[in-house]
Amino acid sequence: MIEARNRKTLESVALPVTLESAKQHLRLEADENHLDAHITDWLFGIGQRCEDSIKQCLMGQTWEILADGFPGALVLPHPVLQIVSVEYLDEAGEWQTLAPASYRVKAGRYESCLKPARGVSWPATLQDDDAVKVVVRCGYGEDANSTPRAAKSWILAMLVLLYDPATTTLRDMGNDSPQVRFLDRLLDGLWVP
C-alpha cells in the first residue's frame, strides 16, 4: 500500500465569516474597532477548529501531498479548488511534470481523489520516498461568501459562546453540554464519515 503525507504549505488569509458579520453577532457597532484584531484571531481559531472537526478545508489554502508512488487514487484534502501541479521522479531519478490532461479529480461529497484520466495509466516512478508530489489548492473558495452556511452558523455561534461576556462561557458549560452538542449538529451535513 502506498502511503501519502499531506502538508499545508500556505494558510488561508481569508476569514470564513466576515468581521462585520462577527461584530453583528457580538452586538458590537461597526465603528467599534478596538476589538477587531482580537475578533479576527478568534475567527481564524474557530475556523480551524471547524476544519478539524469536519476534516475539510473551508477557505482557499495550498497543500503538498507526497507519496512513494502513484496509488490507484490519491486522496486529496477536500474540496479541491485547483490542482497546481503533479510531479514525479521517473525511473531515472529525474523530476517530470504530468500534463493536466493525464489526470482527473474525482470529487465526492466528503472526499476528493486524484486519478489517472480515463484510458491513461500512471507513469512508473522511482522506487523511493516522496517520488510523487502533488500541489493542490483546496477549500470552498477564497472569501467568506463561499463558506457553507452551516459552517458559518457554527463559527458565529461558537464565537458568541466563547467571546461574549453576556453569555455563559464554554468553560462553564463544558464541551459535552446540550448547547455545544446542538451547535455541533449544525455541522452534520459537512462531517466526513
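Tabulated values for the structure
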{"item": "Choice from S112, S146, S121 showing the highest fluctuation, given a GNM over the chain with Cα pairs closer than 10 Å", "result": "S121"}
{"item": "Solvent-accessible surface ranking, highest first, for W63, W42 at 1.4 angstrom", "result": "W42, W63"}
{"item": "For the chain, share of DSSP beta bridges that run antiparallel, in % to the nearest 5", "result": "95"}
{"item": "Full-extension gain in nm, V75 to N33, via 0.36 nm per residue minus C-alpha separation", "result": "10.9 nm"}
{"item": "Accessible area per residue, Å², segment 5-83 with all protein chains present, probe 1.4 Å", "result": "50"}
{"item": "Pairs of lysines in the chain (C-alpha under 30 Å apart; 8 or more residues apart or interchain)", "result": "16"}
{"item": "Charge tally in the Cβ shell below 10 Å around S85, where Lys, Arg are +1 and Asp, Glu are -1, S85 excluded", "result": "-1"}
{"item": "Accessible area (Å², 1.4 Å probe, nearest 10) - H38", "result": "90"}
{"item": "At most 13 other Cβ within 10 Å, DSSP loop - trypsin sites (Lys or Arg not before Pro), segment 1-85", "result": "R27"}
{"item": "Environment charge at T97 (Cβ cut-off 14 Å; Lys +1, Arg +1, Asp -1, Glu -1)", "result": "-2"}
{"item": "Apportionment of accessible area to carbon and sulfur, the chain, percent (1.4 Å)", "result": "52"}
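The values are calculated or read from the model by the stated rules, or taken from the named source; none is laboratory data. Bear in mind that the values here come from a model prediction, so they are computed numbers and not experimental data. Don't worry about glycine lacking a Cβ; one is built from the backbone with ideal geometry, like all the others, and counts go over all protein chains shown. SASA here: full protein model, heavy atoms, side chains in, ligands and nucleic acids out. Shrake-Rupley method; radii C 1.70, N 1.55, O 1.52, S 1.80 Å.
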